[in-house]
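Novice: Can you keep this structure in mind? I'll have questions shortly.
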Amino acid sequence: MTDERTESADARLTRRGALALGATTLLSGCGALPNPLGANPVELDAAPLARIADRERPTVDHSLPVDVADAHVADSRERAHAMLDVAPLPLTPEDLPNGAMREEIADRAEHAREHLAEAVRATDTRERLELLAHARGPARAVEAAWAAIEDELAAVDVRSTRRSVDEDRREFRERRTLVGEDPVRALVVHALVGDWLRDAERHLAEGFDESSPVTPLVVGEHASEVEQARATLADARHVDERFTASLSEPRSLETTFADARDALAETIDSRMADKPAEHAEVPALVDGGGDLDGTVAGAALRELHGDLPYEGEFVPETELPGRILWQVESLAQIGGFETLRERIAADEHRTVESADDVETLRRAAETAVEDALEASADERLARTELASLAGWFDYVSRHLDRQAGDDPVELGWVVEDIGLYLQIEVIAGAVPAAVDETLAALGVE
């Protein structure tokens, strides 16, 4: 989980944007958008809409085919609690006269506690580790800020720790090798370790601004980034070591992964050859679609098209395993776009005129995620995409909850949010085929 961030009201919610931001609020100030439905908008009852969105979503755990030691998880949790226990919370004016500083420290402590509580509830081991790492960041901010107030910690100490953690990160990255036995298991593990290493690098990237005053809060925030990097690095090292120790006859998979990447790139290029122009408007995306302006199908088709992997578009800076998982995601995206375009051309897409229609869309999305997991030839690969798709239900719930009230909600204000259900359905439906393509590229029968 990341801290909440917002984008401008005219920002488009794209699939990769949603994944990059995770559980965040993406569209603030939606009321500033023009009504796309004109003088006779479709209105939806707000109360049943919120109930539909709030229903429990499908649970798809992230794939983590490594036995993580309970002691490792416990150590991370205990470190977070220990850091929170250092400061005499809640701070009083006698402890700290500066009210704004007291409030900021209290906010960081609450942030840490929220992540700790979420980690307790998490059933997904990967998610639990990431939540604990996120908890340790603000917990360290509290501990370090209080230590700075007590003249027990200075910026020079944080800089020294940052250098030490970064040296550990570099050493670990340099000695890692892409080994394994089962290519799929190795792919999933190495991609995750690579992701965590990049997260650690990101947290270590910024140092103190020499032109700005160094307050206890500044010391705390920089110490927070270093702590989160330390936690993420420890998780990466633990998973990598446990994976390597589990191998009976490890072999290099560098060539296997490189060949798979190249084969999948050719497949993606072939699939993209007949797609509409990169910046085409909705009317140019499909024949026989009629007037899609302001419809859920039109909104979903536009977002699906916007996320197609056109040449020169976003490609993650990642190692081979991460690139292959991105290609799985891209193939599912292409398949989802093709499915919805075909439905619209055949006039077989669902329309939304009531909350009952939204319920139908949501149930179809839930079923598609569950069916895709069962239908995929390799559940581990399928989970890399389906776990993220399942998280989209939470985004829709949070956004539609903001529309709750006695007054009806115009479809135009929530059309992109409801359209996510349709995107989930068609992308999930394309996951089994994307898995098949990847297994073939990896040489797995």
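Novice: So Ala117 fits all but one of (1) buried (at least 17 other Cβ atoms within 10 Å of the Cβ); (2) within 30 Å of Ala387 (Cβ to Cβ); what number is the exception?
Specialist: With respect to (1) buried (at least 17 other Cβ atoms within 10 Å of the Cβ); (2) within 30 Å of Ala387 (Cβ to Cβ), Ala117 is out only on (1).
Here is a yes/no grid of residues against (1) touching a Cys at 6+ places or on another chain (Cβ under 9 Å); (2) surrounded by fewer than 22 Cβ atoms within 10 Å (Cβ to Cβ):
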{"residue": "Leu389", "(1), (2)": "no, no"}
{"residue": "Asp407", "(1), (2)": "no, yes"}
{"residue": "Val414", "(1), (2)": "yes, no"}
{"residue": "Leu422", "(1), (2)": "no, no"}
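Novice: Another question, if that's okay. Give me the pairs: first residue in segment 138-165 and closer than 24 Å to Glu114 by Cβ and assigned by the TED database to the domain that holds Ala200, second residue open to solvent by 60 Å² or more (accessible area, probe 1.4 Å) and among the hydrophobic types (A, V, I, L, M, F, W, C), beta-carbon distance under 8 Å, and six or more apart or on different chains, which are they?
Specialist: As it stands, the answer is Val142/Val86; Glu143/Val86; Trp146/Val86; Ala147/Val86, since those pairs meet every condition given.
Novice: Please count how many residues of segment 257-287 are of a type in the set (A, V, I, L, M, F, W, C), in a loop (DSSP other than H, G, I, E, B) and either surrounded by 15 or more Cβ atoms within 10 Å (Cβ to Cβ) or in contact with a Ser or Thr (Cβ under 8 Å, 6 or more places away or on another chain) (or both). Spell out how you get there, then give the answer.
Specialist: Going residue by residue through segment 257-287, those that are of a type in the set (A, V, I, L, M, F, W, C) are 257-258, 260, 263-265, 268, 272-273, 277, 280, 282, 284-286.
Next, only the ones that are in a loop (DSSP other than H, G, I, E, B) stay: 273, 277, 280, 285-286.
Going one step further and asking which of them are either surrounded by 15 or more Cβ atoms within 10 Å (Cβ to Cβ) or in contact with a Ser or Thr (Cβ under 8 Å, 6 or more places away or on another chain) (or both), we end up with 285-286.
Qualifying residue count for the region: 2.
Novice: Scan segment 205-214 for residues that are open to solvent by less than 60 Å² (accessible area, probe 1.4 Å) and either in contact (Cβ under 8 Å) with a residue 24 or more places away in the chain or not assigned by the TED database to the domain that holds Ala186 (or both) and jot them down. Write out each step before concluding.
Specialist: Residues of segment 205-214 that are open to solvent by less than 60 Å² (accessible area, probe 1.4 Å), as a first pass: 207-208, 212.
Hits for segment 205-214 are Gly207, Phe208.
Novice: Also: Determine the pairs where a residue that is in a helix (DSSP H, G or I), located within segment 299-312, has a partner that is among the β-branched types (Val, Ile, Thr) and open to solvent by 20 Å² or more (accessible area, probe 1.4 Å) with Cβ atoms under 7 Å apart, the partner being 6 or more residues away or on another chain.
Specialist: Leu301/Val282; Arg302/Val282; Glu303/Thr14; Gly306/Thr14
Novice: For segment 236-273, give me each residue that is in the same structural domain as Gly335 (by the TED database), free of Cβ contacts under 8 Å to residues at least 12 places away in the same chain and of a type in the set (A, V, I, L, M).
Specialist: Ala273
Novice: May I pose another question? Here is a list of conditions, (1) closer than 26 Å to Pro321 by Cβ; (2) surrounded by 14 or more Cβ atoms within 10 Å (Cβ to Cβ); (3) β-branched (Val, Ile, Thr), and Thr59 meets all of them except one; can you say which number that is?
Specialist: Answer for Thr59: the failing condition is (2).
Novice: How many of the residues in segment 147-171 are open to solvent by 20 Å² or more (accessible area, probe 1.4 Å) and either among the aliphatic types (A, V, I, L, M) or in contact with a Leu (Cβ under 8 Å, 6 or more places away or on another chain) (or both)?
Specialist: To start, the set of residues in segment 147-171 that are open to solvent by 20 Å² or more (accessible area, probe 1.4 Å) comprises 149-154, 156-157, 159-164, 166-168, 170-171.
Next, from what is left, pick out any that are either among the aliphatic types (A, V, I, L, M) or in contact with a Leu (Cβ under 8 Å, 6 or more places away or on another chain) (or both): 149, 153-154, 156, 162, 166, 168.
Final tally of qualifying residues: 7.
Novice: Against the condition touching a residue at least 24 places away in the same chain (Cβ under 8 Å), assigned by the TED database to the domain that holds Arg102, under 23 Å from Glu329 (Cα atoms) and not charged (D, E, K, R), how does Val219 come out, does it pass? Lay out the reasoning, then the answer.
Specialist: Working: touching a residue at least 24 places away in the same chain (Cβ under 8 Å): yes; assigned by the TED database to the domain that holds Arg102: yes; under 23 Å from Glu329 (Cα atoms): no; not charged (D, E, K, R): yes.
Here the answer is no, as Val219 does not meet what is asked.
Novice: Could you list, in sequence order, the residues of segment 165-213 that are in a loop (DSSP other than H, G, I, E, B), closer than 28 Å to Ser252 by Cβ and hydrophobic (A, V, I, L, M, F, W, C)? Talk me through it step by step, then tell me what you get.
Specialist: First pass over segment 165-213, keeping only residues in a loop (DSSP other than H, G, I, E, B): 176-178, 181-182, 204-213.
Restricting the remaining residues to those that are closer than 28 Å to Ser252 by Cβ gives 176-178, 181-182.
Leu178 - this is the single residue of segment 165-213 that is in a loop (DSSP other than H, G, I, E, B), closer than 28 Å to Ser252 by Cβ and hydrophobic (A, V, I, L, M, F, W, C).
Novice: For segment 387-394, indicate whether the set of residues that are at pLDDT 90 or above and either in the same structural domain as Ala191 (by the TED database) or assigned to a loop (DSSP other than H, G, I, E, B) (or both) is non-empty. Write out each step before concluding.
Specialist: Going through segment 387-394, the residues at pLDDT 90 or above turn out to be 387-394.
Subsequent filtering for residues that are either in the same structural domain as Ala191 (by the TED database) or assigned to a loop (DSSP other than H, G, I, E, B) (or both) retains none.
Within segment 387-394, not a single residue is at pLDDT 90 or above and either in the same structural domain as Ala191 (by the TED database) or assigned to a loop (DSSP other than H, G, I, E, B) (or both).
Okay, residues lined up against (1) hydroxyl-bearing (Ser, Thr, Tyr); (2) at pLDDT below 95; (3) more than 23 Å from Ser388 (Cα to Cα):
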{"residue": "Arg237", "(1), (2), (3)": "no, no, yes"}
{"residue": "Ser248", "(1), (2), (3)": "yes, no, yes"}
{"residue": "Ala258", "(1), (2), (3)": "no, no, yes"}
{"residue": "Ser270", "(1), (2), (3)": "yes, no, yes"}
{"residue": "Gly288", "(1), (2), (3)": "no, yes, yes"}
{"residue": "Leu292", "(1), (2), (3)": "no, yes, yes"}
{"residue": "Val296", "(1), (2), (3)": "no, yes, no"}
{"residue": "Thr318", "(1), (2), (3)": "yes, yes, no"}
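Novice: Would you confirm, using the coordinates I've provided, whether Leu381 is in a helix (DSSP H, G or I), in contact (Cβ under 8 Å) with a residue 24 or more places away in the chain and within 20 Å of the chain's Cα centre (by Cα)? Don't jump to the end; show me each part of the working.
Specialist: Working: in a helix (DSSP H, G or I): yes; in contact (Cβ under 8 Å) with a residue 24 or more places away in the chain: yes; within 20 Å of the chain's Cα centre (by Cα): yes.
In short, yes.
Novice: Another question, then. For Asp75, work out the one condition from (1) touching a helix residue (DSSP H, G or I) at 6+ places or on another chain (Cβ under 7 Å); (2) under 23 Å from Glu130 (Cα atoms) it doesn't fulfil.
Specialist: The one condition Asp75 does not meet is (1).
Novice: Considering only residues that are among the acidic types (Asp, Glu) and either in a loop (DSSP other than H, G, I, E, B) or closer than 27 Å to Thr123 by Cβ (or both), which ones fall in segment 73-111? Step through it out loud before you land on a result.
Specialist: Step one: of segment 73-111, the residues among the acidic types (Asp, Glu) are 75, 78, 85, 94-95, 103-104, 107, 110.
Matches in segment 73-111: Asp75, Glu78, Asp85, Glu94, Asp95, Glu110.
Novice: Could you list, in sequence order, the residues of segment 27-49 that are out of contact with any strand residue (DSSP E or B) (no Cβ under 9 Å at 6 or more places or on another chain), within 22 Å of Thr360 (Cβ to Cβ) and modelled with pLDDT of 50 or more?
Specialist: Result: Ala47, Pro48.
Novice: Mind listing just one residue for me: the one in segment 220-254 that is open to solvent by less than 70 Å² (accessible area, probe 1.4 Å) and polar (S, T, N, Q) and, of those, farthest from Ser160 (Cα to Cα)?
Specialist: Residue satisfying both the conditions and the ranking: Ser246.
Novice: Could you tell me whether any residue of segment 320-340 is open to solvent by less than 50 Å² (accessible area, probe 1.4 Å), out of contact with any Asp or Glu (no Cβ under 6 Å at 6 or more places or on another chain), of a type in the set (Gly, Ala, Ser) and more than 15 Å from Ala433 (Cα to Cα)?
Specialist: For segment 320-340, residues open to solvent by less than 50 Å² (accessible area, probe 1.4 Å), out of contact with any Asp or Glu (no Cβ under 6 Å at 6 or more places or on another chain), of a type in the set (Gly, Ala, Ser) and more than 15 Å from Ala433 (Cα to Cα): present.
The values are calculated or read from the model by the stated rules, or taken from the named source; none is laboratory data. Quick caveat, the model's predicted, so the values are computed rather than measured. Note that each Cβ is placed from the backbone with ideal geometry, even for glycine, and that neighbours are counted across all protein chains shown. The accessibility values were calculated without ligands, DNA or RNA, using every heavy atom of the protein model including side chains. Shrake-Rupley method; radii C 1.70, N 1.55, O 1.52, S 1.80 Å.
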